[in-house]
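Visitor: I'd like to ask some things about the structure below.
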Amino acid sequence: MNKKYLNERQLIQYRKRVLKDCEKYTVSKVARIYGIHRSTIYEWKKSVQPKKTGPKCRVSWQTNEKLEKEIIRIRKATNYGPKRIKYELSLIGVKVGEKAIRGILKRSGLVKNHKKKRVRKKQKFYAPYPGYRIQIDTKAVPDPGMDLRNASRYQFTSIDIASRIRFCWIYDELSNANSIKFLNKVLNFYESIGIEVECIQTDNHMTFTNLYVGGRNKKAHQLLRPHPFTKRCIKKGISHILSRPATPRHNCFVERSHRTDEEEFYRLLNLPSLNNQKLQLELQKWMFRYNFIRIHSSCNNMPPIKHYSTVWTTGA
């Protein structure tokens, strides 16, 4: 039979007749009779088989409603992922799997469906010990109603990519003088906890380098004098390296920490009511919590300072 000229209803009837003959004879014999491949007949069988439906009510192995509400509350309050929520619940003696947590968040509409990104070749970061590389970057304080491209105050941030220990400070503007002041504070901070800084990594903003400021060609850039930030690094015996232009992922540790600041610090503040001094005080409290209290999955679920003293100081 030429099935090319069959309409949809006739095609369905034809398939039913073939499947009915399969009940009388074997699939191989029916395939020879009708001139159809056996795999096609098996696919038709799957299409007419009744699909399994889920449970119509809650079952014993399903997460109870009280625990679901607690998972949703933690997600809304902290924006933690399934892995972190699982660990937080384990601290209070509650055992639940990541897959179950992910399903609860998905059913509640708390999971963002991102478009599949183009796979890029990743740059591997190698940090054998604390102080090997410190990443420094700036962030505009998200004051309501302010244009972040021309903010009234900025957060300078440094992070050690081996231990994840951070140091931050608030300044009124992005300037060479403020970048040097911050560098001095960073070096004093890490020295106070026993970390000797060997390398500073920054982006290509004019606060940190002159390489892409002024000049219309490569030769003009090469003739520019060294930036004061670079000069201070050289004077301290520290190498200053730059990330690739327009590539924030090469400064990924400090960029990711800025996202944590947005979700767990600035979101909870009434910024218009805080002047620079009060904001500075709140930021230092947040840095204490970040370094000494807040657990990090990258630090074996320990605060960065505890992880540093456990792994790097004792040599464990």
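Visitor: Shape call for the range 110-153 from the C-alpha gyration tensor, a ≥ b ≥ c root eigenvalues: rounded (a/c under 1.5), prolate (a/b greater than b/c) or oblate? Show your work: numbers first, answer last.
Guide: On the way: a/c = 2.72, a/b = 1.22, b/c = 2.24.
Taking the square roots of the gyration eigenvalues as a ≥ b ≥ c, the range 110-153 is oblate.
Visitor: Moving on to the next point. Can you find, among Pro245, Thr40, Phe265, the residue sitting farthest towards the positive end of the charge dipole of the chain, where Lys and Arg contribute +1 and Asp and Glu -1 at Cβ?
Guide: Farthest towards the positive pole: Thr40.
Visitor: Determine the per residue accessible area of the range 99-216 with all protein chains present and a 1.4 angstrom probe, expressed in square angstrom. Show your work: numbers first, answer last.
Guide: Values: 6970 Å² over 118 residues.
Value returned for the range 99-216: 59 Å² of accessible area per residue.
Visitor: Heavy atoms only, probe 1.4 Å: what % of the accessible area of the range 65-116 goes to carbon and sulfur, would you let me know?
Guide: Details: 2050 of 3910 Å².
It is 52 percent, rounded to a whole number.
Visitor: Using a 1.4 angstrom probe on heavy atoms only, work out the carbon and sulfur share of the accessible area of the range 162-316 in %. All intermediate terms of the calculation are to be shown ahead of the outcome.
Guide: Numbers: 4640 of 8680 Å².
With neighbouring chains kept in place, the figure for the range 162-316 is 53 percent.
Visitor: Can you tell me how the chain classifies by the Cα gyration tensor, rounded, prolate or oblate, using a/c under 1.5 as the rounded cut? Mind dumping the intermediate values first?
Guide: Details: a/c = 2.82, a/b = 2.05, b/c = 1.37.
Here the chain falls in the prolate category.
Visitor: Counting each DSSP H run of 4 or more residues in the chain as -39500 (n - 2.57), what helix-only mean residue ellipticity at 222 nm follows after dividing by all residues, to the nearest 500 deg cm²/dmol?
Guide: -13000 deg cm²/dmol
Visitor: Separate question: Taking a 1.4 Å probe, which of Met302, Met146, Met206 shows the most accessible area, and what order do the others take after it?
Guide: On the way: Met302 35, Met146 80, Met206 115 Å².
Largest to smallest exposure gives the sequence Met206, Met146, Met302.
Visitor: Which of the listed residues, Ile200, Asn184, Ser108, is farthest toward the dipole's positive end in the chain, when Lys, Arg count +1 and Asp, Glu count -1 at the beta-carbon?
Guide: Ser108
Visitor: List the longest stretch of the chain that has no exposed loop site; here a site is one of the GluC sites (Glu not before Pro) assigned by DSSP to anything other than H, G, I, E or B, with at most 15 other Cβ within 10 Å. Mind showing how you got there, number by number?
Guide: On the way: sites that count: Glu173, Glu196, Glu198.
In the chain, the maximal stretch lacking such sites is 1-172.
Visitor: While we're on this one: Tally Lys and Arg at +1 and Asp and Glu at -1 over the other residues with C-beta under 9 Å from the C-beta of Val48: what net charge comes out? Working shown, then result.
Guide: Working: positive: Arg15, Lys16, Lys45, Lys46; negative: none.
Computed value for this residue: +4.
Visitor: How far is helix 176-192 tilted off the main Cα axis of the chain, in degrees rounded to 10, range 0 to 90?
Guide: With both axes taken from Cα atoms, the answer is about 80 degrees.
Visitor: Based on Cβ point charges of +1 for Lys and Arg and -1 for Asp and Glu, what charge dipole magnitude is obtained for the chain about its Cα centre, in debye rounded to the nearest 20? Intermediate values should be presented prior to the final figure.
Guide: On the way: 65 positive and 25 negative charges, 524 e Å.
With only Lys, Arg, Asp and Glu charged at Cβ, the dipole is about 2520 debye.
Visitor: Still on this structure, please answer the following. Let me make sure I get this right: for the range 133-267, a, b and c are the square roots of the gyration tensor eigenvalues over alpha carbons, sorted descending. Under 1.5 in a/c it's rounded, otherwise prolate if a/b > b/c, else oblate. Which is it?
Guide: Working: a/c = 1.69, a/b = 1.15, b/c = 1.47.
Oblate shape, in that a/c is at least 1.5 and b/c is the bigger or equal ratio.
Visitor: Would you check the accessible area of Arg267, probe 1.4 Å, heavy atoms only, in square angstrom rounded to 10?
Guide: Ignoring ligands and nucleic acids, Arg267 comes out at about 120 Å².
Visitor: Right, here's the next one. For the range 59-101 and the range 255-316, write down the distance between their C-alpha centroids in whole Å.
Guide: If we compute the Cα centre of each part, the gap is 23 Å.
The values are calculated or read from the model by the stated rules, or taken from the named source; none is laboratory data. For clarity, every value in this text was computed on a predicted model and none was experimentally measured. Glycine gets a Cβ as well: all are built from the backbone with ideal geometry, and neighbour counts include every protein chain shown. SASA here: full protein model, heavy atoms, side chains in, ligands and nucleic acids out. Shrake-Rupley method; radii C 1.70, N 1.55, O 1.52, S 1.80 Å.
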